[in-house]
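**Student:** Mind having a look at this structure? Questions to follow.
The values are calculated or read from the model by the stated rules, or taken from the named source; none is laboratory data. Fair warning: this is a prediction, and the values are worked out from it, not measured in the lab. Every residue, glycine among them, receives a Cβ derived from its backbone with ideal geometry; neighbour counts consider all protein chains shown. Calculation scope for accessible area: heavy atoms of the full protein, side chains included, ligands and nucleic acids excluded. Shrake-Rupley method; radii C 1.70, N 1.55, O 1.52, S 1.80 Å.
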Amino acid sequence: MPERRPFVRLPTDVYPVNYGLCLKPDLIDFTFEGKLEAVVEVTQATTQIVMNCADIDIITASFAPEGGEEINATGFNYQNEDEKVTLSFPSALQKGSGTLKIDFVGELNDKMKGFYRSKYTTAAGDIRYAAVTQFEATDARRAFPCWDEPAIKATFDIALIVPKDRVALSNMNVIDRKPYPEDENLVEVKFATTPIMSTYLVAFVIGEYDYVESQSSDGVTVRVYTPVGKAEQGKFALEVATKTLPFYKDYFSVPYPLPKIDLIAIADFAAGAMENWGLVTYRETALLIDPKNSCSSSRQWVALVVGHELAHQWFGNLVTMVSSCNLSSDISSVIRMLHNYIGDEDFRKGMNAYLLKFQHKNASTEDLWDCLEQASGKPIAAVMGSWTKQMGFPIIVVDQEQVRDDRILKLSQKKFCASGPHNGEDCPSWMVPISVCTSEDPKCTKLNVLLDRPETTITLSGVASDQWIKINPGTVGFYRIQYSSSMLESLLPGVRDLSLQPVDRLGLQNDLFSLSRAGMISTVEVLKLMEAFVNEPNYTVWSDLSCNLGVLSSLLSHTDFHEEIQEFIRDLFTPIGLELGWDSKPGEVLKHGDSATLDTMLKLHKQADMQEEKNRIERVLGAISAPDLIQKVLNFALSEEVRPQDTVSVIGGVAGSSKQGRKAAWKFVKDNWEELYNRYQGGFLISRLIKLTVDGFAIDKMAAEVKSFFESHPAPAAERTVQQCCENILLNAAWLKRDADDIHQYLLQRKAPPV
């Protein structure tokens, strides 16, 4: 495995105050010319300036101290693997401010990062390209030489020289648009000065788009840009955005700081969306909704992503968290628990103080805890320290006894691990806000305590013996729960008669499923709980349930009783199926399809106008079962027909649908590794591809095979993913060994006629 180079910060002897940036992209040759005029501050005399720079060629560079003579740089030394360049000057640049001028050229790459090209087809069927940006985390340096670290903030004055029939957008509003003297087909578009901001939030887009526009109630112009002819599909997101902006403004008592915000759908886009200040970029499926044909889960997804990106306009953009604690991806769940613990009013007060104190600056997580602690008077820093400074989360083990009219609860905590509980000497412990409700009123919390030690006993008075107890109502706490079997038993009727809230029904099932996977309880316990969901009306609960059943089905595809679990799943889905109607819609017949069916699907794919519909087809293609057709689907994944960002879900669909598919997909990834790796060049899509392809294996020797393949084909950005996948394969294998017989027995006796 090649060593990953340690991250070294840029020297601090020169820092930027303002970037004046003019870019002229060529949408035919896929190159761009750039001119940078940056106002910089020299803090101590130096003969060199070190900046970030990647895939850019500098033509000339000079430095002019304020009121002094211009000094030309005599050398550009590129440290390519560090993505840095050192500009050398013949004499020392003195302390004080000055202007750094750099002329450079770069390429509009096809790697979906930096300043890149995105392919689209016009209504007339011509293939054209847009030029767009994606700078997070460190790709602004592919568009212009800069100090590309989030903490080094500056203002930006951006100008773009573009064909006059194209739309040109950036973070700020257009302040000037004039003909370009050297070419009458071009115009120069100038944008207003940005606030002080990090480089990763800078954005520009040049292409052909339609838009819908509205004003939020606080006077911000909101536009949603769509492919030409699809303006109608931007209306849903526009409505979400115009309602969300004033909500955040009121919630945080801090106005949105720019005059406009644009949301734009980009055809080739690696992430779901990116919160560039004032110009938020989205995958088409995360922004566009066809009022007639989009399904409700797509609407949910668009609303969620739009809301999330707009929240970033305050958190991240206005105040940038340059965090010392390596925050986990679960931080939003921890914040939700914190919000519940503090209470809404004090939470808002604390957030407002934080935003005002640190606006246009950098803050640390500790700064946020301090503001929340002052607002609430609760030990927030201590509580949150226990969550952010150590890995993982706890499992709370609960037992109970009844003493007359009192219910005594015994609670203890230990670290939850996917491979079972952590039972070492040095067991970490958390400060866990715990709430409890009873069947008397499942919506209302009866008791709140802070569990700040390994174990404790609490008494609930006035709880009759026939009532059930639920820990963590609303499932706001970020921990799993292991109930004693009698407590669990008593909760089943609450699932059946739906008196337990939907989010609690989901949480109960999800916890139990994880516990069985970790070997802390038998999978049979989970199957018994799952059977209680026969009357379940809630879509979100079903989608989690079916996801877990999918994992189980995939695991048991390695056994000779796969058909029995399929039957179990069919029984569980029958009532809701009868209610919703079971007629197969086009495309649900695929599993048993032949090559004619596949050809029909591929034809539908070609004709589909919505990216959402194309993606839907791409995801189900893997369900086909004939080996030669599976191969055809895999080859299709790498064809021109599929956008590079979506290749991953086609291959993933094949891997996830059957035992044969899994083998074929893994072989395909190995055979085409060079091309796939080159496509995503260490972006996060490569991690996703690996996860989707190998996560379903459940034989020890496969873990070794995966490990050795990636030892000889290193993918540094996916190192952790490969490790996790190997662990998952071993966990799956252990799970099968442990529980397969019990599951089989249970599935058989379910069907046995009563004696």
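**Student:** Summing +1 for each Lys or Arg and -1 for each Asp or Glu, what net charge is found among the other residues whose Cβ lies under 10 Å from the Cβ of Phe393?
**Tutor:** +1
**Student:** Still on this structure, I have one more. Counting other Cβ atoms within 10 Å of each Cβ, which GluC sites (Glu not before Pro) in the range 105-191 have at most 11 and sit in a DSSP loop?
**Tutor:** Working: sites: Glu107, Glu136, Glu182, Glu184, Glu188; in loops: Glu136, Glu182, Glu184.
In loop regions of the range 105-191 (DSSP not H, G, I, E or B), the sparsely surrounded GluC sites (Glu not before Pro) are Glu182, Glu184.
**Student:** Another question about this same structure. What net charge is computed for the residues neighbouring Ser461, neighbours being all others with C-beta under 12 Å from the C-beta of Ser461, Lys and Arg scored +1, Asp and Glu -1?
**Tutor:** +1
**Student:** Taking amide H positions as placed 1.01 Å from N in the peptide plane, with prolines and chain starts having none, which residues 5 or more places from Asn472, or on another chain, fall under 5 Å of its amide H?
**Tutor:** Sorted by chain and number, the residues that satisfy this are Ser435, Val436, Cys437.
**Student:** Could you give the accessible area per residue of the range 611-722, probe 1.4 Å, as a whole number in Å²?
**Tutor:** 42 Å²
**Student:** So what is the diffusion coefficient of the range 512-570 in µm² per second by Stokes-Einstein at 10 °C and 1.306 mPa s, using a Kirkwood Rh over Cα pairs?
**Tutor:** Working: Rh = 12.1 Å.
Approximately 132 µm²/s, per Stokes-Einstein.
**Student:** Heavy atoms only, probe 1.4 angstrom, no DNA, RNA or ligands counted: give me Glu33, Glu208 ranked by accessible area, highest first.
**Tutor:** Working: Glu33 100, Glu208 45 Å².
Most to least solvent-accessible, the answer reads Glu33, Glu208.
**Student:** Can you tell me the accessible area per residue over the range 148-296, all protein chains present, probe 1.4 angstrom, in square angstrom?
**Tutor:** 36 Å²
**Student:** Anything over 18 Å Cα to Cα? Flag those among Lys667/Lys701; Lys410/Lys528; Lys659/Lys701, in the order listed.
**Tutor:** As for pairs spanning more than 18 Å Cα to Cα, those are Lys410/Lys528.
**Student:** With every protein chain kept in the model, how would you rank Arg142, Arg750 by accessible area, 1.4 Å probe, largest at the top? Each step should come with its number before you reach the end.
**Tutor:** Numbers: Arg142 30, Arg750 65 Å².
If we order Arg142, Arg750 from most to least accessible, we get Arg750, Arg142.
**Student:** Where does the chain land at 222 nm, in deg cm²/dmol rounded to the nearest 500, when only DSSP H runs of n ≥ 4 count, each adding -39500 (n - 2.57), divided by all residues? Display every interim value, and only then the final one.
**Tutor:** Working: 20 runs with 281 residues, N = 755.
Roughly -12000 deg cm²/dmol at 222 nm, from the helical runs in the chain.
**Student:** In whole Hz, with x marking every Gly and Pro, tabulate ³J(HN,Hα) for the range 350-359 from phi via Karplus 6.51 cos²θ - 1.76 cosθ + 1.60, θ = phi - 60°.
**Tutor:** Residue by residue, the range 350-359 yields x, 5, 4, 4, 4, 5, 5, 5, 10, 4 Hz.
**Student:** Also: Return the sequence-ordered ³J(HN,Hα) values of the range 21-27 in whole Hz as given by the Karplus equation 6.51 cos²θ - 1.76 cosθ + 1.60 applied to θ = phi - 60°, using x for Gly and Pro.
**Tutor:** For the range 21-27, the Karplus-derived couplings read 10, 10, 10, 10, x, 10, 7 Hz, x marking Gly and Pro.
**Student:** Past the 19 Å Cα-Cα mark, which pairs from Lys243/Lys443; Lys35/Lys101; Lys249/Lys349?
**Tutor:** Too far apart for the 19 Å limit: Lys243/Lys443.
**Student:** Follow-up question, since we're still on this one. How are the alpha carbon pair distances in the range 282-361 distributed across 10 Å bins from zero to the largest one, expressed in percent?
**Tutor:** 14, 34, 32, 17, 2
**Student:** Then there's this: Could you work out how far the C-alpha centroid of the range 72-88 sits from that of the range 142-172, in angstrom?
**Tutor:** Result: 22 Å between the Cα centres.
**Student:** Lys and Arg at +1, Asp and Glu at -1: add these up for the other residues within a Cβ distance under 12 Å of Ile521 and post the number.
**Tutor:** Local charge sum for Ile521: 0.
**Student:** In the chain, carbon and sulfur make up what percent of the accessible area (probe 1.4 Å)?
**Tutor:** 51 percent
**Student:** Hey, another quick one. Ordering Arg496, Arg662, Arg283 from largest to smallest accessible area (1.4 angstrom probe), what's the sequence?
**Tutor:** From most accessible down to least: Arg496, Arg283, Arg662.
**Student:** On a straight-distance basis, which aspartates and glutamates could pair with Lys670 in a cross-link, Cα separation under 12 angstrom, same-chain partners fewer than 8 positions away excluded?
**Tutor:** Filter leaves Glu705.
**Student:** Can you list residues whose amide H is under 5 Å from Asn18's amide H, if they're 5+ apart or on another chain and H is modeled 1.01 Å from N?
**Tutor:** Val39, Thr155
**Student:** Can you tell me the convex hull volume per residue for the range 217-345, based on C-alpha atoms, in Å³ to the nearest whole number?
**Tutor:** Measuring per residue, one finds 135 Å³ for the Cα hull of the range 217-345.
**Student:** Can I ask one more? Using amide H atoms built in the peptide plane, which far-off residues or other-chain residues are under 5 Å from Lys361 H to H?
**Tutor:** The answer is Thr320.
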